[in-house]
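The values are calculated or read from the model by the stated rules, or taken from the named source; none is laboratory data. Predicted model, so just to flag it, every value in this text is computed and none were measured. Heads up, the Cβs are rebuilt from the backbone with ideal geometry, glycines too, and the neighbour counts pull from every protein chain shown. Please note that ligands, DNA and RNA were not included when accessible areas were found on the heavy atoms of the full protein model with its side chains. Shrake-Rupley method; radii C 1.70, N 1.55, O 1.52, S 1.80 Å.
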Amino acid sequence: MTRKRRSFTPSFKASIALEAVRETKTIAEIAQSLRREVKMFPEIAVRELVANALIHQDFTETGMSVMVEIYDHRMEISNPGKPFISPDRFIDEYQTRNERPADLMRRLGICDEKGSGVDKVIQAAEAFQLPAPDFRVGEKRTSVVLFGHKEFEAKDRNDRIRATCQHSCLRYVMNERMTNQSLRERFRLPEKKSESVSRAIRDTVEAGKIKQADPEQTSLRYRHYVPFWACFSFRRIPPVSITLNESIVEDASLEWLVG
């Protein structure tokens with residue numbers, strides 16, 4: 001196994017995120033009888049994660065710096081210090097330790113608006129059909145691992161739970177629902193693999209990472225899921241009449257977000 005390690009000092013330059021991208025491993029892809037080199041990891045994911053590591057590092061921790069370690073089939077990006085929020089909430093919450101460097105990096109276009117970085121990382125992982133990123137908190141460091149491509153059958157139970165949980169979180173913050181179909185599309189699986197996806201959903205529910213949005217819904221086809229921390233659920237309510245400028249609007253299928 002080969003490894004390439006790169007550390008960044010606190011006096012970072014604007015080009016470091018792109019430098020990490022340039023050093024990302026490439027893999028051969030054969031399409032239509034043509035061979036071409038493609039990046040193992042999406043550029044936007046590497047850029048956002050390196051920027052996040054620089055923004056959220058704890059400068060009071062001495063003898064440590066932001067690290068980017070590139071292995072054969074994974075990349076690990078870490079920074080000194082523990083996060084202010086739980087990794088389970090990285091996708092929907094935001095609190096930076098160093099606001100001025102964060103503002104500078106946004107102005108330079110190295111990272112995007114507040115709170116959108118992890119969303120983009122997960123979206124890119126899904127688009128590239130990569131295993132879900134693994135966010136880890138150690139004794140003095142916070143790290144994230146990007147994995148190279150794996151077929152669905154090669155993913156273990158933890159890989160599938162992590163991907164299902166992150167897909168549910170991503171859908172929730174986009175005001176959409178996670179269903180068996182949406183998760184199948186995330187894994188790019190045919191309909192005949194619905195049971196394998198249902199098993200991943202059950203495992204994630206049992207792990208306490210997601211919950212059924214409407215516990216009263218008994219139909220497997222219409223079940224949808226939200227993160228365990230979600231405050232609202234989609235529930236169907238009886239037909240209602242709404243008065244708008246003396247006009248009555250009736251909608252028997254209106255759905256509201258209720259606690």
Fully extended, how many nm does the chain gain between Asp58 and Arg157 (0.36 nm per residue separation, minus their Cα-Cα distance)?
32.3 nm
Rounded, prolate or oblate, given the Cα gyration tensor of the range 56-105, with a/c below 1.5 counting as rounded?
oblate
How are the Cα pair distances of the range 57-192 distributed, in percent, across 5 Å bins from 0?
2, 9, 17, 21, 20, 15, 9, 5, 2, 0, 0
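Just list whichever of Lys39/Lys140; Lys120/Lys211; Lys150/Lys192 have alpha carbons separated by over 25 Å in the model shown.
Lys39/Lys140
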If I model a spin label at Phe128 and Glu216 as a point 7 Å from the Cα along the Cα→Cβ vector, what separation in nanometres do I get?
4.4 nm
Just grab the label-to-label distance for Glu206 and Met174, each label 7 Å out from Cα along the Cβ direction, in nm (one decimal).
2.8 nm
Residues in the range 184-216 that a label on Ala230 would reach, taking backbone N under 19 Å of a point 7 Å out along Cα→Cβ:
184-187, 197-216
Relative contact order of the range 136-240 (C-alpha contacts under 8 Å, at least 6 apart) in percent is 25 percent
With all protein chains in place and a 1.4 Å probe, Leu130 shows an accessible area in Å² (nearest 10) of 10 Å²
